[in-house]
Amino acid sequence: MTAVVIPFPCTVPARGVPMTPTDPSPSVMRGVLRRAREALLLPALTAWHLARDPNTPQEAKAALFTALAYLILPADAVPDFLPGIGFADDLAALTAALGIAVRFVTQEMLQKAQASARGVFT
């Protein structure tokens, strides 16, 4: 079980006991960032590269740009600040858009977009 990190000093309301923040270890932070990258950023960047590819059909571009707009807009079905579930609706929109785009693009285009997305992190 991972410890909960509190970014600022606070008190527990029921008991008035002061709580102090703990700094997560670098290995824990790397793991969290890696999971975030794999879960949301790689699909978002893949969608971005596919949407900007001139060979991608208009139907796929429309789905991809709509999902990307939903990702960056602050008004969501599930607010992004909710821990654990905040980006679930954004990921679902991206997954649906990529599912639509895969029907219209070639495997080579998809692999090129995924490679470009991964290149951001190297």
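Every number in this text was worked out from the coordinates using simple rules, so none of it is lab data. Keep in mind it's a predicted model, so treat the numbers as computed, not measured. Counting neighbours? That spans all protein chains shown, and the Cβs are built from the backbone with ideal geometry, glycine included.
Summary of computed values
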quantity	calculated
Net charge of Cβ neighbours under 10 Å - reference Phe87; Lys, Arg +1; Asp, Glu -1	-4
Backbone HN-Hα couplings from phi across segment 54-61 [Karplus 6.51/-1.76/1.60, Hz, Gly and Pro as x]	x, 8, 6, x, 4, 4, 5, 4
